[in-house]
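So the structure is just underneath, and the comments pick up after that.
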Amino acid sequence: MEQELAYSFHLGSDKNKSKLAKRVSKDNVSGTTSLSNNAIQNANDLSRVNKHNLRDYDKNKELIRVIYGTDNIINDVKDLYLKEFEESKLEYNNKQTRENRKIKDYFKKVCESQNDIACEIIIELGDMDFWNDKDQECRLKMIDVYNEQIKDLTKIVPTFKIANATIHFDETSPHMHIVGVPVVENCTRGMKKQVGKSKLFTKTSLTDIQDKMRNACIKSYNKFYDMDFKLKEKQKGRNQDINVKDMSNYREIKKQLAKKEQKLEKANAQTKELDNTSQDINKILGSLKPTLINKNNMIISSEDVQKIKNYTKDVKDITKTVRSVNDLNMAIKDFEHSAFEIEKENRSLKYEIELKDNKIGDLKKELSSKDKIISNLQTEKEKIKQELQKFKGFWHSIMSHFHKRICYDKDNNYKIVSDDLYKNGIFDNNDNEIANNIYRKVTIPNESILEKNGKKNDTTF
């Protein structure tokens, strides 16, 4: 039997922006949907892609291979932005007369817009069943295949600029994550060269790209593996959601298929017998003689009539058997395809959970960092409070000294200094009265009482 391989070319997108999502959100009380979003719409999304693709959270990275770019996808994309858009940005800015219309950082500007800053493409050849029994050496040969896929993608879509490509060998099947930037040139508004996912990847263009990429991939596979495999037929509606409950009878149908295959073998044997019988039937028909009354009528014995009836019945029975087996075989193929799609959907869900876990981790780190800042500020506050108390004690001593020298000792020199300090704004009205009024009491204020009552006594400075 000729080996067939499944091929997947998946472009990340935000399903919440689809027409279906809009219909769903319209009917929901919340006005929202829970459809998946694996588009790269801002710097945070790019950071999460970096963590997932490069397994930043996992010390065991030997099964992760970067074949294009570096070990930092964020920097790869930013460098690509500088390379592709900097000249166009400078040209645009030179034409602007108002400073606020100039673009300082195009990457940051796109991050703040509604457009995707980059795109992720996931390419996979062969499903879980195919790769299940393959050793690591066999899997690693896919590096050569996926390297050619990068070259093919560059030729097929030259305006999709690749920033990073990473292969995962740590999951059910070897697959490649490509992160790149869709570039649109000769724009009439804004910069001449811009990011444009929706313009580059339309429904029509994406179908054409997928067809060309899948044909190129199987050629590369056969070349490096020295095989003559073919691709499984591209199925319509392969991106529709498939429920796990639809797979409940999968194993049972597999058992039924085995039984039907036995029947098919029996039918094949019966077919051979029919071939022999058909020769006898042909002899019977060839030996028929016309009647004497009408030459168009033939004479046939009752025995031969029974042979023909038996032959007809056998043909019907075998045809029915073969048809039932073929129908079931088609059903099995549909279920196998569904299994493949469900496995992909599970991987996608795992990916989304992973991204959310990473986001939660980032938030926890951010919270921990802020807790440390608060703790440091509280410590600093206590230090300042202590220093302030010391200063208040020092100032109290000064005011007490001035009060004693001026009010009781009648020292004119202190009076001159006090007046000079008041004149130059160092003493305020309250300070000046404390220093010069014998009836004012000089005491250190009780902080707890002041905070409780919200009042100040004579020596509040």
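The values are calculated or read from the model by the stated rules, or taken from the named source; none is laboratory data. Just so it is clear, the model here is predicted, and its values are computed rather than measured. Here the Cβ is made from the backbone with ideal geometry for all residues, glycine too, and neighbour counts use every protein chain on show.
Restricting the first member to region 136-147 and to residues that are touching a residue at least 24 places away in the same chain (Cβ under 8 Å) and assigned by TED's automatic domain parsing to the domain that holds Asn222, and the second to residues that are in a helix (DSSP H, G or I) and of a type outside the set (A, V, I, L, M, F, W, C), the beta-carbon pairs closer than 7 Å and six or more apart or on different chains are Lys141/Tyr225; Val145/Ser220; Val145/Tyr221.
If you filter region 185-217 down to residues that are under 23 Å from the mean Cα position of the chain (by Cα) and aliphatic (A, V, I, L, M), you find that the one that is farthest from Lys95 (Cα to Cα) is Met213. In region 99-114, how many residues are at pLDDT below 90 and not in a helix (DSSP H, G or I)? Qualifying residue count, region 99-114: 3. Here Asp371, Asp419 are screened, and the one residue that is more than 30 Å from Arg48 (Cβ to Cβ) and assigned to a helix (DSSP H, G or I) is Asp419. Do we find that Leu125 is closer than 18 Å to Tyr221 by Cα and either within 24 Å of the chain's Cα centre (by Cα) or without any contact (Cβ under 8 Å) to a residue 40 or more places away in the chain (or both) in this structure? Criteria met by Leu125. Is one or more of the residues making up region 58-69 modelled with pLDDT of 90 or more and not in a strand (DSSP E or B)? Yes: region 58-69 contains one or more residues that are modelled with pLDDT of 90 or more and not in a strand (DSSP E or B).
Counting only helices (runs of 4 or more DSSP H) that sit wholly inside region 127-188, those with at least 3 residues that are closer than 26 Å to Asp79 by Cα and out of contact with any helix residue (DSSP H, G or I) (no Cβ under 6 Å at 6 or more places or on another chain) are 142-156. Checking Lys192 against (1) touching a Ser or Thr at 6+ places or on another chain (Cβ under 6 Å); (2) modelled with pLDDT of 95 or more, which single condition isn't satisfied? With (1) touching a Ser or Thr at 6+ places or on another chain (Cβ under 6 Å); (2) modelled with pLDDT of 95 or more applied to Lys192, the lone miss is (2).
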